[in-house]
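Each reported figure results from applying straightforward, stated rules to the coordinates on display, with no laboratory input. In this text the structure is predicted, and so the values were computed from the model without any measurement. Counting neighbours? That spans all protein chains shown, and the Cβs are built from the backbone with ideal geometry, glycine included.
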Amino acid sequence: MINRMADGSAGDADYGEIGKVYTGFRNPDLRIAAAVERALGDAERVLNVGAGAGSYEPLGRVVTAVEPSASMRALRPAERPAVDATAEDLPFADRSFDAAMATFTVHQWPDLPKGLGEVRRVTTGPVVILTCDPERVREFWLHEYAPEVLDTEARRYPALGDLAAGLGGQVEMIPVPIPRDCVDGFNEAYYARPERLLDPAARQACSAWSFVDDGVTQRFETDLRRDLADGTWEARHGHLRHQPAYDGSLVLVVGR
């Protein structure tokens, strides 16, 4: 049995709190959405597990969303409600869907092998997982300023090999470039806009920040403000401001 928080969140982060700012900062980026759509192929019936507020759900298809957090379900459009369930216990018959998707959620699944097995059980075609490669998370410049945050992310994201093993069959790893003006505000989305991470609400929308104490946050703000003011950040990373995309840890894991 999966233990759930007061609002139903099934993972280690409280989406009752994160949900308060989520739609202001975590919006689907059309270029990332296009990569998800391509991976789904021609599937008509799509299951979205850990669906949150509905980011990256493809239009023009029959989508069934699953989301355990009441706060996140409340953010969804009325015409696109979500089923209150967890990945580990999907209330659907075998082979109910042509494809399944899971975006920025597998690190929240308490029992990853069981969740992947359930998704595979109810799906006949591709399973598309948008996640981050924990082996690459620490390459981002934020690690210089808040290593505790990215160390937390690296611990929480499952290894790509574990995802492949849980899905079985043929699995493809597709790197996803992050656009410079990405509107989905995960940490790496601000690779060229460091000032944005000085906004507490922007950080709140990234769950890893909820696992570090105020001392880490205060040190991060102090050090980044100083380095932006005196040109240190610019000298080290200023080239990123003009880089149209960032090849970071973002990846699509596609199991067929």
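Within a 10 angstrom radius of the beta carbon, how do Ser96, Ser71, Ser249 rank from fewest other beta carbons to most?
Least to most surrounded, the residues fall as Ser96, Ser71, Ser249.
Based only on the alpha carbon positions, what is the Kirkwood hydrodynamic radius of region 135-213, in angstrom?
14.0 Å is the Kirkwood radius here.
Need one number: convex hull volume per residue for region 66-189, Cα atoms only, in Å³.
135
For the chain, set up a Gaussian network in which alpha carbons nearer than 10 Å are linked by springs, and say which option among Leu47, Leu90, Leu228 fluctuates the most.
Result: Leu228 has the largest fluctuation of those listed.
With a 10 Å cut-off between alpha carbons and a GNM built on the chain, which of Arg61, Arg73, Arg121 moves the most?
Comparing Arg61, Arg73, Arg121 in a Gaussian network model of the chain, the most mobile one is Arg61.
Placing +1 on the Cβ of each Lys and Arg and -1 on the Cβ of each Asp and Glu in the chain, which of Gln204, Pro194, Leu252 has its Cα farthest towards the positive end of the resulting dipole?
Leu252
For region 137-183, what size does the Cα cloud have along each of its three principal axes, sorted from largest down, in whole Å?
40, 26, 16
What number in nm² do you get for the chain if you take the convex hull of its Cα atoms and divide its surface by four?
12.8
From the phi angles alone, apply the Karplus equation (6.51, -1.76, 1.60; θ = phi - 60°) to region 140-153 and give each ³J(HN,Hα) in whole Hz, x where the residue is Gly or Pro.
Rounded to whole hertz, the list is 6, 4, 4, 4, 5, 9, 9, x, 4, 5, 6, 5, 4, 4.
Just how many % of Cα pairs in region 114-256 lie over 22 Å apart, if you round to the nearest whole percent?
For region 114-256, the fraction of Cα-Cα distances above 22 Å is 45 percent.
Which of the GluC sites (Glu not before Pro) found in region 71-143 are in a DSSP loop and have at most 15 neighbouring Cβ atoms, other than their own, within 10 Å?
Those satisfying the criteria are Glu79, Glu135.
If the elastic network links every pair of Cα atoms under 10 Å, which of His239, His143, His107 fluctuates the most in the Gaussian network model of the chain?
His239
List, in order, the whole-Hz ³J(HN,Hα) value for each residue of region 67-74 obtained from phi through the Karplus relation with A = 6.51, B = -1.76, C = 1.60 and θ = phi - 60°; use x for Gly and Pro.
Karplus-based 3J(HN,Hα) across region 67-74 equals 8, x, 7, 5, 5, 6, 4, 5 Hz.
Rounded to the nearest 20 debye, what is the charge dipole size of the chain about its Cα centre when +1 sits on each Lys and Arg Cβ and -1 on each Asp and Glu Cβ?
480
Which order results if Arg31, Arg26 are arranged by neighbouring Cβ count within 10 Å, fewest first?
Ordered from fewest to most neighbouring Cβ atoms within 10 Å, Arg31, Arg26 come out as Arg31, Arg26.
Would you work out which of Ala35, Ala165, Thr86 lies farthest towards the positive end of the dipole of the chain, given +1 charges on the beta-carbon of Lys and Arg and -1 on that of Asp and Glu, about the Cα centre?
It is Ala35.
In a solvent-free Debye calculation with one equal scatterer on each Cα, what is log10 I(q)/I(0) for region 174-256 at q = 0.18 Å⁻¹, listed in the order of the q values?
-0.86
Which net charge results when you count Lys and Arg as +1 and Asp and Glu as -1 among the other residues whose beta-carbon is under 15 Å from that of Tyr56?
Here the charged neighbours net out to +1.
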